[in-house]
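Quick notes on the structure that follows.
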Amino acid sequence: MKRVLAKLSPAERKVADCWAAAGLTWKQAALKAGQPVSMGERVRRKLNRLGNGYQCRRRPEADQR
């Protein structure tokens, strides 16, 4: 999880933190973080992409066990 979050910019991380802590929508989290509404959707898509990539890279390790 830390590896994925480390790939976010500080502004993106703030949006993700607001979303996780307050249970807001991505749009609401972006506004609360002082970012444009569109940043919420951007962060959501980026986290999905980074998370999927992380899981794909980890899968071969699990298969070897």
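The 3J(HN,Hα) values that the Karplus relation (6.51, -1.76, 1.60; θ = phi - 60°) gives for segment 15-28 are, in residue order, 5, 4, 5, 4, 4, 6, 7, 9, x, 8, 6, 5, 5, 5 Hz. Gly and Pro appear as x. Extent along the principal axes, Cα only, for the chain: 44, 18, 17 Å, with the longest axis given first.
The charge dipole of the chain, taken about its Cα centre with unit charges on the Cβ of Lys, Arg, Asp and Glu (plus for the first two, minus for the last two), comes to roughly 140 debye. Among L50, P10, A29, whose Cα projects farthest towards the positive end of the dipole of the chain, with charges put on the beta-carbon of Lys, Arg (+1) and Asp, Glu (-1)? It is L50, whose Cα lies furthest towards the positive end. Measuring nothing but protein heavy atoms, the accessible surface of the chain at 1.4 Å probe radius is 53 percent carbon and sulfur.
Helices in the chain, meaning DSSP H runs of at least 4 residues, each add -39500 (n - 2.57). Divided by all residues, the mean residue ellipticity at 222 nm is -25500 deg cm²/dmol. Placing a pseudo-label 7 Å from each Cα along the Cα-to-Cβ vector at N48 and R3 gives an inter-label distance of 2.2 nm.
In this structure the chain gives 74 Å² per residue of accessible area when probed at 1.4 Å with all protein chains present.
The values are calculated or read from the model by the stated rules, or taken from the named source; none is laboratory data. Values in this document were obtained by computation on a predicted structure and should not be read as measured data. Quick reminder, even Gly has a Cβ in these numbers, built from the backbone with ideal geometry, and neighbours come from all protein chains shown. In case anyone asks, the SASA skips ligands and DNA or RNA and just uses the protein heavy atoms, side chains included. Shrake-Rupley method; radii C 1.70, N 1.55, O 1.52, S 1.80 Å.
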